[in-house]
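The values are calculated or read from the model by the stated rules, or taken from the named source; none is laboratory data. Everything numeric here is computed off the predicted structure, so don't read it as measured data. No Cβ is skipped: glycine too gets one built from the backbone with ideal geometry, and neighbour counts run over all protein chains shown. Quick note on the areas: whole protein, heavy atoms, side chains included, nothing else; ligands and nucleic acids left out. Shrake-Rupley method; radii C 1.70, N 1.55, O 1.52, S 1.80 Å.
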Amino acid sequence: MYSWLRTPLFLLNPELAHELAMKSLAASLSSNATWEATREMLFLGAPTQPELGAHVFGLDFPNRVGLAAGFDKNAEYLKPLAALGFGFIEIGTVTGLPQPGNPRPRLFRLPKDEALLNRMGFNNDGAESVARRLDETLSRWDGPRPILGINIGKTKVVPLDEAASDYVLSLRHLHSFADYLVVNVSSPNTPGLRELQEKEPLSRLLGEIQEENHSQSSKLGVPPKPLLLKIAPDLERGALEDIVEVASDCQLAGLIATNTTISRDDLKTDTSKLGSGGVSGRPLVQRSREVVRELRGMTALPIIGVGGIFKPEDSLAMFDAGADLCQVWTGFIYEGPRMVKRLVQAGSVRLYTGD
Ligand SMILES: Cc1cc2nc3c(=O)[nH]c(=O)nc-3n(C[C@H](O)[C@H](O)[C@H](O)COP(=O)(O)O)c2cc1C
């Protein structure tokens, strides 16, 4: 069904296609009649039985299928994305200062691999603007809303040894809007960022961010927001062990595994002329699941599994590997918006049969 829409969209430049698709979806919500027509045409909307929900790191998720970071970096499309049935939406990565990201082209489809290659470089409006937009959107929200995650990263021009101050700046602006917060140290597209995954710098960084989280929360008179760390798929077992230890020392609420991979192994597409970037989608599915399985063997902390989830069997395999929740990004581009409903429904079958 989605193929008739996907064919023309795939003829467009991928970044343009993304913007066009999201603007069209947002426009369809402008009246009940247009939304009903779109919903029926695309079979959108996920089931909402309470049995589908999950209580994870102190939050009540309406279902276990979320939208991964990078899809709605600036929180421009929360309403239409919520209407698709996601149980949670993670906006960002937002940085302390606004920045344009890398020059275009910076996003490529690899259809033979059902993958994407991107070097977006955290293009975003900056924490202050995103906070303003969230304030507007959330103050006018009526009805149930998905859980909102806010993913923060480092502004490119801020030196690596001052990274903590940039994350803290984002937190000052965005903290009050978040149901949960994510520290992103795993994007391959900000020079040096992934060095922050090493034990000592990670421990210092998370310590400072957690301190700000506690201070902002006490000002609001609420418990500290659940703070999660998003990690790369290209880490060896020793590095994962270090991360689990730091996560526990810094009282993180959970881990997100994984971001895109720098590996080009086993791709059918020749990417040698496309330049640098992280690969997402099908080629990532085994590795992300493996990382989740390894982490689950090391810790009882909640894990959000992300990477290469296209079909219900992929999300179920991610849960079987030990994930509590899952997220999608590239699968959404290849499978279409109805994918959300399929994944949520599969979760419900699993719940109802008690498998
Ligand atoms: C175009 C693009 C932009 C992304 N931007 C971000 C980002 O800003 N922050 C982040 O944490 N992850 C980002 N990601 C990574 C995704 O959130 C996800 O971890 C990764 O793509 C693996 O999931 P997938 O195989 O379902 O796409 C991005 C992915 C893509 C394809």
In region 328-346, is there at least one residue being among the aromatic types (Phe, Trp, Tyr), more than 10 Å from the ligand (Cβ to nearest atom) and in a helix (DSSP H, G or I)? no
So which residues in region 138-163 are in a helix (DSSP H, G or I) and hydrophobic (A, V, I, L, M, F, W, C), if there are any at all? 138, 160, 163
Search region 88-114 for residues that are more than 12 Å from the ligand (Cβ to nearest atom) and pair each with any residue that is of a type in the set (Lys, Arg) when their beta-carbon atoms are under 6 Å apart and the residues are at least 6 apart or on different chains. 112/268
Hey, any hits in region 31-47 for a residue that's among the aromatic types (Phe, Trp, Tyr), in contact with a Leu (Cβ under 9 Å, 6 or more places away or on another chain) and modelled with pLDDT of 95 or more? no
Has region 40-51 got any residue that is acidic (Asp, Glu), closer than 21 Å to residue 305 by Cα and either in a helix (DSSP H, G or I) or in contact with a Phe, Trp or Tyr (Cβ under 8 Å, 6 or more places away or on another chain) (or both)? yes
Regarding region 118-137, can at least one residue be identified that is within 16 Å of the ligand (Cβ to nearest atom), without any contact (Cβ under 8 Å) to a residue 12 or more places away in the chain, open to solvent by 30 Å² or more (accessible area, probe 1.4 Å) and not in a strand (DSSP E or B)? no
Of everything in region 291-319, what is free of Cβ contacts under 8 Å to residues at least 40 places away in the same chain and either charged (D, E, K, R) or in a loop (DSSP other than H, G, I, E, B) (or both)? Give them in sequence order. 293, 296, 300, 308, 309, 311, 313, 314
Give the residue, chosen from 217, 272, 288, 276, that is hydroxyl-bearing (Ser, Thr, Tyr), within 15 Å of the ligand (Cβ to nearest atom) and either surrounded by fewer than 16 Cβ atoms within 10 Å (Cβ to Cβ) or at pLDDT below 95 (or both). 276
